[in-house]
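Rule-based calculations on the coordinates, nothing more; no lab input. Computed from a prediction, not measured in an experiment: that's the story for all the values here. Every residue, glycine as well, gets a Cβ built from its backbone with ideal geometry; the counts of neighbours run over all protein chains shown.
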Amino acid sequence: MTDVALCRVDEIPPESAVGRDIDAGGRPVPVIVVRHGAAIAAYLNSCPHVGVRLEWQPDDFLDITGAYLLCSSHGALFEKAGGRCLAGPCRGAALVPVATRVDADGTVWAIGPEALPLTARR
Ligand code: FES
């Protein structure tokens, strides 16, 4: 398992998210990195509804209130912490979590992303 750098913490605006496409053992894996309070969370950038990416333009993952992650295809809303879908066609499902660690220099790493599925669709 090889950890892969995602971004630096200071590249994510507070209470926001950025998208990164990483190489996970030769597979392209899209990841959402979220900054929520002092916490960093990451999820596979794949909606549990039909498996598409969430954003409609780069790094645009939030709903109009800024409180939730939004899937631009059919409007599903996800919690920033935990990735659970609260509203929309996949209500009750959740984004696939990506394990992360943060170095002392502020670099966010995906831990062992080779094990991630390529889609969140069940
Ligand atoms: S693909 Fe995300 S809500 Fe339909």
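Between the C-alpha center of segment 38-60 and that of segment 1-21 there is a gap of 12 Å.
Full extension of the chain between residue 63 and residue 107 gives 13.2 nm of extra length, using 0.36 nm per residue less the Cα-Cα distance. Relative contact order, whole percent, for the chain stands at 30, derived from Cα pairs under 8 Å and 6 or more residues apart. For the chain, what value does the Rg/Rh ratio take when both radii are computed over Cα atoms and Rh is the Kirkwood radius, given to two decimals? Value, to two decimals: 0.94. Over segment 39-97, the Kirkwood radius and the radius of gyration, each from Cα atoms, give a ratio Rg/Rh of 0.90. What the Cβ-Cβ distance of residue 50 and residue 10 gives, at R0 = 30 Å and to the nearest 0.05, is a FRET efficiency of 0.35.
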